[in-house]
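The values are calculated or read from the model by the stated rules, or taken from the named source; none is laboratory data. Note that the structure is predicted; figures quoted are calculated from it, not measured. Accessible surface is based on the protein model in full, side chains and every heavy atom, while ligands, DNA and RNA are left aside. Shrake-Rupley method; radii C 1.70, N 1.55, O 1.52, S 1.80 Å.
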Amino acid sequence: MATSVEPSAGARAKYEPVIGLEVHVQLLTASKIFCSCSTRFGDPPNTNVCPVCLGLPGALPVLNRKAVEFATLAAMSLNCEIRETSIFARKNYFYPDLPKGYQISQYDKPLAEHGFIEIEAGPFDSVQGKLAGTPVAPKKKIGITRVHLEEDAGKSLHEGFAGASEQTAIDLNRSGVPLIEIVSEPDIASPEEAYDYLTRLKEIILYTGVSDCNMEEGSLRCDANVSVRLRGEKKFGTKTEVKNVNSFRFIREALEYEIERQIEVIESGGKITQETRLYNSVEGKTYGMRSKEQAHDYRYFPEPDLLPLVVDEKWQAQIRSTLPELPEARRKRMVADYGITAQDAHVLTLTKSLADQFESAAKAAKNPKRVANLVQSELMGRLKARGLEIEQSPISMKGVAESADLVESGAISGKMLKDLYDLCFERGKDFPEVYAEQGRPQQSGDTSAIEKIVDEVIAANPKQVEQYRAGKKTVAGFFVGQVMKLSKGQANPQLVNQLVTKKLG
Ligand SMILES: [Zn+2]
């Protein structure tokens, strides 16, 4: 990391970082939170707008039921308690992309509170951000203070239109798009833990299907609050907020920089200013932007144009019934159900779609463990080599299951399977199709045919026979190889081995 402020290891060890994260997630509703305008990304500027989301005088908001259901589902997936009656509040501030002069959010009575996410507690691989070694490790709970609903603001444009060098334009398509804000407790003790928390959070939200969590399109945005204090100290230090960092890796880097910067300032007798800082990923540094508003500067008060939001027990039960099995629980069950390792389960649950496909294939196969092995050993490697995602694989999970059954029954050898997989990728076709095109090859268990080949090979290589009989038993491997070659890889290797040893005496 590029940094000019590196306190000594001794100074660094005296302090501990305290980190809290605020994550905004855009909900995948078709229309905005308080009007029926489309939420579609990438439409021409200011085409999805109406008096409500333009903030015109007299326009009244009407709450989107789907946004409430999605927000509640997300909160449930994060182990939150749902507040039966929550209140929308006006957060007043002036900004060019906020035509109303306030944002409708929630304040002292948010939709949900007191949740948590479990992360793996060290040791971490600092490059991967993942746990080194076994994935079975102690867990650490990171508290979630609150999950609340709010509307997004518009967007200032600084490029892509005539006169962009002198002017800023405003696109209000995003104004009124539904968001949830997920605020963590300051339980995060290192940049690595922050990275892991965000990875888990995104994985869980993706499983619920309430957001696509696409960081490039701004569907997931993260702000980090960070301070340092002397180890053992109870009181928090003064925090800074790092805003609008657009990847989890950059958040980790920004936090690493910011922690070192704060220690350096304190160690040299200075004071931390409470402020918002921006991260420059090219330089690997943060820069002060503006002093941070205190909460009371927003003049929060209950939104007079909206009734209290009531999500009663019956509605909560309905929403809870749509909660899918979440990644962590699914991994545990898959280990138990299919006899696979925790590592296998980790790879196979990277996305919900992959886990769904795997499970339907494994259920249909004779040996689920073999399906898991083939996915990891034969499929993932080939996908990675071609830069493909699992969704783009020519071989479906059903195809993997069929091939696993063929190996399981002894119909084809491991070598034949590899060749067939290569053909699938070359031709961009699924396994059953390629297997049929190749004439449904079978490894030969026909003893007399293999015996004939063994005899031929022995007759053709008298020198090697002599070596073998003189005690150089490793030469057997040469004969097995020759027989396999002549049978075009279709002889059963174990049978060949037996016959070669027998014939050579
Ligand atoms: Zn609208």
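What are the semi-axes of the equivalent ellipsoid for the range 160-292, taken as the square roots of 5 times the Cα gyration tensor eigenvalues, largest first, in whole Å?
With the √(5λ) rule applied to the range 160-292, the semi-axes are 29, 22, 13 Å.
Could you list, in their original order, any pairs among Lys155/Lys314; Lys140/Lys235; Lys66/Lys398; Lys91/Lys243; Lys140/Lys398 whose Cα atoms are separated by more than 29 Å?
Working: Lys155/Lys314 38 Å; Lys140/Lys235 22 Å; Lys66/Lys398 34 Å; Lys91/Lys243 19 Å; Lys140/Lys398 37 Å.
Listed pairs above 29 Å: Lys155/Lys314; Lys66/Lys398; Lys140/Lys398.
For Lys415 and Leu486, compute 0.36 nm times the residue count separating them, minus their Cα-Cα distance, and round to one decimal in nm.
Numbers: separation 71, 0.36 × 71 = 25.56 nm, distance 1.43 nm.
The Lys415-Leu486 span can extend by a further 24.1 nm.
Specify the angular offset, from 0 to 90 degrees and rounded to the nearest 10, of the alpha carbon long axis of helix 397-408 from the longest principal axis of the alpha carbons in the chain.
30 degrees
Taking the chain as the reference, fit the longest principal axis to its C-alpha atoms, fit the long axis of helix 447-460 to the helix C-alpha atoms, and give the angle between the two in degrees, 0 to 90, nearest 10.
70 degrees
When the convex hull of the C-alpha atoms of the range 390-505 is computed, what volume per residue in Å³ does it have?
Here the figure is 110 Å³ per residue.
Using the heavy atoms of the protein chains and a 1.4 angstrom probe, tell me the accessible area per residue for the chain in square angstrom. Display every interim value, and only then the final one.
Values: 24570 Å² over 505 residues.
Averaged over the residues of the chain, the accessible area is 49 Å².
Send over the per residue convex hull volume for the chain, Cα only, as a whole number of Å³.
229 Å³
Report the percentage of all Cα-Cα pairs in the range 267-401 whose separation exceeds 17 Å, rounded to a whole percent.
The share of Cα pairs beyond 17 Å in the range 267-401 comes to 74 percent.
Within the accessible area of the range 311-395, what % is carbon and sulfur when the probe is 1.4 Å and the other protein chains stay in place?
Looking at the range 311-395 in its full context, I get 54 percent from C and S.
Helix 476-486 against the longest principal axis of the chain: what's the angle in degrees, Cα atoms only, rounded to the nearest 10?
Computed tilt is about 80 degrees.
Which of Lys141/Lys285; Lys366/Lys485; Lys141/Lys234 have a Cα-Cα distance over 24 Å?
Checking Cα-Cα distances, Lys141/Lys285; Lys366/Lys485 exceed 24 Å.
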